[in-house]
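Each remark here refers to the structure printed beneath this line.
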Amino acid sequence: MYELLEQIQSPGDLRKLSPKQLEQVCGEIRRYMVECCAVNPGHLGSSLGAVELIVALHYIYNTPEDKLVFDVGHQAYAHKILTGRREAFRRNRMAEGISGFPKRDESPFDAFGAGHSSTSISAALGFAEAARLQGLKYKSVAIIGDGALTGGLAWEGLNNAGASNADILVILNDNNISIDQNTGGVHNYLLHLTTMPIYNRVKNKIWHTMGEGKARDWVQKRVIDTKSNLVRGSGGAIFEALGFRYFGPVDGNDIDQLVTTLERLRNLHGPRLLHIRTRKGKGYAPAEADPTTWHAPGKFDPSNGERIKAVYPASRYQDVFGEVLTELAGMDPKVVGITPAMASGCGMNKLQAEYPDRFFDVGIEEGHAVTFSAGLAAAGMKPFCNIYSSFSQRAYDNIIHDIALQNLPVVLCFDRAGLVGEDGATHHGCLDMTAYRSVPNTIIAAPRNETELKRLMFTGLSLESGPMIIRYPRGCGEGTPWREASYEVLPVGKGERLLEGRKVAVLGIGPVVNRALEAAQQYPGKVAVYDMRYLKPLDNEILEEVASFNAIVTVEDGTLKGGLFGAVSEYFAGRPDAPVIKGVGIPDRFISQDTQKAQRASCGLDTASLEDMLGGMV
């Protein structure tokens, strides 16, 4: 079934094949990816489009000595399959399996780890400069795509790399966001000419003969200006202006052209940028027809592409957010929504459909999304900025400097807070409560169910100053009738007692409060349960109420260090009569990929674990 692919255990085996066999290898890789991802879901569309690119890179470059640095990793599945992980790919993103993203401790072929976007150019430049400083001859290649070039860090890397004389190749895999139009015959001629060995030998000899000085500078400027004007229609001028030699666009799904082009570019030096165009979902008709859905399609029938739709037992938090935001926009014309390229993932596509002029997808630019929201708030608008919790880390300074310091009323909604499942450590939203609890003027809240999310969003709308962070998890809520629930302002800094008790007090925040309540009900009259609701400001009245208990247990789906456990411990620090305080939450380590259910159980955040723990305390 996989005649050539089964012979490839490493890129060294790939290089033994003839160029004519590479097209067959590409086809077999695609079929294998579809077969595996149909039963074990992953990020499929981008990787289907990048097959020829990855085959050509491993064919031409001497990996792992030469360094391939991927952006995000959505496009890297063929890379994993070709680098000794073909069988392991069947357990991609599973417990005890391989990561869905490049990971340094997984393989020597994974030069640099990546889960978030826009990091590849900076990291590849680091490899290039390290090679120069150590007198090593390996090559450094950054492969950036899937919209990652919209990120500010990518442009910082381009600016630095272009100003250097580093031996770096940046490959822009343009698979969905068009940068320019192909210029036809002139473009093809320029590509052929500028990658020819004889052209580059003559060019370099001319520069060497002319030596340093004004004459050479004048000639070089005229050549660059002329070439930039010629390629301006193909988007190359901006890269040339940054100091790169621009090549492309190239058909990124033409294996012959890619091999020829990369072979020539490998022998050049200095900052180069190759612009390729690939088709997201290439080779699998359903994915080609609907690349957005097939970015991560879930399970499907590989024979016809019919997706096996998940049945949700309750509304997903992202859908609650999207519907409530749209309703709030209908109530108040100043409400606007901002997302860094996660419109459908966070549910903001509903606002986009109904109020398109008040919807802003700014691209993969979390820092900009936050500061843009701050500007909107300063001008009197009421922005709701939705960012996945782990991605908010990239906007930490903006949240402090541009929102909190100026006490601006921006509602920051952190989706995917807590443990997220199969995407693993790079995507868990475990650090937000610890990170932002120390920021002045900031309110931090977490709903225990869908109705609470609706009311906290309404509360955020009512605030006239200061940022409010609302964090909630990936997945389904508790099944509350949130659509019928009224809009109410939940007093800032006030929690709620959910269960009476007298010996042990459980203080929880977020949906894990429900698991604590289920566990505590096995010990009637002994365990009290409180939904703190707000991490900041804390409800001091509740803390004084439970000060006389034998013990306090804090429960949170965030890091124990610095979160709710830290806040409660700080409150009672130094009091000689303070109760024993025990924390349940995310330990001080990165949690590997697995199902959310298994991850929560491993951290003691499931009902059974909490019940066992409380049983030992009452």
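Laid out as a table, the results:
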{"item": "Subset of the stretch 130-149 (residues that are surrounded by fewer than 18 Cβ atoms within 10 Å (Cβ to Cβ) and either assigned to a strand (DSSP E or B) or on the phi < 0 side of the Ramachandran plot (or both))", "result": "Ala130, Arg132, Leu133, Gln134, Leu136, Lys137"}
{"item": "Residue match in the stretch 523-539 (condition: hydroxyl-bearing (Ser, Thr, Tyr), under 36 Å from the mean Cα position of the chain (by Cα) and assigned by TED's automatic domain parsing to the domain that holds Leu605)", "result": "yes"}
{"item": "Answer residue from the stretch 46-67, given it is more than 12 Å from His79 (Cα to Cα) and in contact with a Ser or Thr (Cβ under 8 Å, 6 or more places away or on another chain) and is surrounded by the fewest Cβ atoms within 10 Å (Cβ to Cβ) among those", "result": "Asp66"}
{"item": "Top-ranked residue in the stretch 308-333 [being surrounded by 16 or more Cβ atoms within 10 Å (Cβ to Cβ) and charged (D, E, K, R); ranked as farthest from Gly100 (Cα to Cα)]", "result": "Glu327"}
{"item": "All positions within the stretch 81-121 that are surrounded by 24 or more Cβ atoms within 10 Å (Cβ to Cβ), outside any loop (DSSP other than H, G, I, E, B) and over 19 Å from the mean Cα position of the chain (by Cα)", "result": "Ile81, Leu82"}
{"item": "Arg272 vs. criteria touching a Lys or Arg at 6+ places or on another chain (Cβ under 6 Å), modelled with pLDDT of 95 or more and under 30 Å from Ala161 (Cβ atoms)", "result": "yes"}
{"item": "Wholly within the stretch 425-522, helices (runs of 4 or more DSSP H) carrying at least 3 residues that are modelled with pLDDT of 95 or more, more than 21 Å from Lys561 (Cα to Cα) and in the same structural domain as Leu408 (by TED's automatic domain parsing)", "result": "450-462"}
{"item": "Only listed residue being more than 27 Å from Phe391 (Cα to Cα), in contact with a helix residue (DSSP H, G or I) (Cβ under 9 Å, 6 or more places away or on another chain) and small (Gly, Ala, Ser), chosen from Gly322, Gly283, Gly337, Gly347", "result": "Gly283"}
{"item": "Hits in the stretch 480-532 (condition: small (Gly, Ala, Ser) and over 27 Å from Arg416 (Cβ atoms))", "result": "Ser486, Gly501, Ala505, Ala520, Gly525, Ala528"}
{"item": "Residue that is nearest to the chain's Cα centre (by Cα) [pool: residues in the stretch 540-559 that are charged (D, E, K, R) and farther than 21 Å from Ser609 by Cβ]", "result": "Glu541"}
{"item": "Helices (runs of 4 or more DSSP H) within the stretch 540-618 that include 1 or more residues over 19 Å from Glu500 (Cα atoms)", "result": "564-572, 596-602, 607-615"}
{"item": "Number of the condition not met by Asp415 [criteria: (1) at pLDDT below 95; (2) in a strand (DSSP E or B)]", "result": "(1)"}
{"item": "Matching residues, the stretch 47-80, being within 22 Å of Lys139 (Cβ to Cβ), assigned to a loop (DSSP other than H, G, I, E, B) and either in contact with a helix residue (DSSP H, G or I) (Cβ under 8 Å, 6 or more places away or on another chain) or modelled with pLDDT of 95 or more (or both)", "result": "Ala50, Tyr61, Asn62, Thr63, Pro64, Glu65, Asp66, Asp71, Val72, Gln75, Ala76"}
{"item": "Criterion violated by Gly281 - all others in (1) crowded, with 23+ Cβ neighbours inside 10 Å; (2) at negative phi; (3) modelled with pLDDT under 95 satisfied", "result": "(2)"}
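The values are calculated or read from the model by the stated rules, or taken from the named source; none is laboratory data. Keep in mind the model is a prediction, meaning the values are calculated, not measured. Virtual Cβ from ideal backbone geometry, glycine too; neighbours counted across all protein chains shown.
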